[in-house]
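**Student:** To start, I am sharing the structure in question, which I have written as structure tokens.
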Amino acid sequence: MIVIAVANQKGGVAKTTSAIHLASYFAEQGYKTLVIDLDAQGHAASALGISKGNGLFRLLVEKRPVGEAATPARPNLDVVANDHTAELVKERVSRANFREFLLASALETAASYDLVFLDTPPSTDVLHITALVASDYVLIPAIMDFLALDGVGGILQAVRELGMFPNVQPPRLLGILPTLFDRTTNETLENIRRLQQALGAEQILPPIPRDTKVREAASFGKTLWEYAPASAATIGYTNGSKSRNSQGKTGGYLHLAEIVAELIAFK
């Protein structure tokens, strides 16, 4: 089992969208996949067209097995949903012993899954930290503006500080994912260059183009694979980059999924 946290300290950067599209891609490839929604908004369930629920409460507070907390969303894809109990979950977890390890312990009951994606809250609270502790990898979606980039620095710092905890192995960085990407604006291109200079070009993943199909798909409870498989956000756009996906294009969730598959050795 491989656990991937999708994290940033800023909201509105497409964490949920990225988590569910990666999860649904791998589920369609035949891997048993789980999404755990740690964000109080509970959008992971809604975006997949299923009801919000108290799965997170069952998992972390009542300490039930994953099988009793998860809801089937698609073939090979289950969701531990979140609802109005999220703040109560955070309060109870904050007061628990060894709270940083609660999610890691809960995932010991998820051995039947090949992949687990953690949709994290947009703050460095206890649920955010317990997600990072439980993860093997972290993916950081970010829009290319100054404040969002500041959030990237914050999450990278949080990952580094995990090394201070006894018996904690910080997650490996899958990469920074530019989202809502508009390649026609100077600010976007300049901020991409800044990130490449600060972190190394190899840490910046091909971007997800800005595309109204993303919001439309979510409103119908569908993924882009189902609603708009030929959209720019799904398969990317044509440019001169040497890095291209299986459609011969750059970026989009297809490119992201193929890169993640290679990095985690899922062929």
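**Student:** Mind checking which of V168, S231, T188 is farthest towards the positive end of the range 122-260's charge dipole, using Cβ charges of +1 (Lys, Arg) and -1 (Asp, Glu) about the Cα centre?
**Tutor:** S231
**Student:** Rounded to the nearest Å, what's the spacing between the alpha carbon centres of the range 105-143 and the range 148-167? Just the number, please.
**Tutor:** About 14 Å separates the Cα centre of the range 105-143 from the one of the range 148-167.
**Student:** Taking 7 Å along the Cα-to-C-beta vector as the label spot, tell me the M1-F220 distance in nanometres, rounded to one decimal.
**Tutor:** 3.4 nm
**Student:** How large is the accessible surface per residue of the range 93-140, computed with a 1.4 Å probe and reported in Å² as a whole number?
**Tutor:** Ligands and nucleic acids excluded, the result is 35 Å² per residue.
**Student:** Taking the Cα atoms of the range 1-87 alone, what are Rg (to one decimal) and Dmax (as a whole number) in Å?
**Tutor:** 12.2, 35
**Student:** Grab the other residues whose beta carbon is less than 12 angstrom from that of G151, score K and R as +1, D and E as -1, and report the net.
**Tutor:** Working: positive: K10, K15; negative: D145, D150.
The answer is 0.
**Student:** In whole Hz, what ³J(HN,Hα) sequence does the range 162-170 give by Karplus (6.51, -1.76, 1.60; θ = phi - 60°), x for Gly and Pro?
**Tutor:** Karplus values, whole Hz, x for Gly and Pro: 4, x, 7, 7, x, 6, 10, 9, x.
**Student:** Output ³J(HN,Hα) for the range 42-48: one whole-Hz value per residue in order, computed from phi by the Karplus curve 6.51 cos²θ - 1.76 cosθ + 1.60 with θ = phi - 60°, and x for Gly and Pro.
**Tutor:** Taking θ as phi minus 60°, the curve returns x, 7, 4, 5, 4, 5, 9 Hz for the range 42-48.
**Student:** Let me ask something else. Could you check what % of the DSSP bridge pairs in the chain are antiparallel, to the nearest 5?
**Tutor:** That works out to approximately 15 percent antiparallel.
**Student:** In straight Cα distance, which lysines are under 29 Å from K242, not counting same-chain residues fewer than 8 positions off?
**Tutor:** Straight-distance partners of K242: K15, K213, K267.
**Student:** Stretch R160-A201 to full length: gain in nm at 0.36 nm per residue minus the Cα-Cα span?
**Tutor:** Gain on stretching R160 to A201: 12.8 nm.
**Student:** On the accessible surface of the chain, probed at 1.4 Å, how many percent belong to carbon and sulfur atoms?
**Tutor:** 49 percent
The values are calculated or read from the model by the stated rules, or taken from the named source; none is laboratory data. These figures come from a predicted structure and were not determined experimentally. Here Cβ is always computed from backbone atoms with ideal geometry, including for glycine, and neighbour counts include all displayed protein chains. In case anyone asks, the SASA skips ligands and DNA or RNA and just uses the protein heavy atoms, side chains included. Shrake-Rupley method; radii C 1.70, N 1.55, O 1.52, S 1.80 Å.
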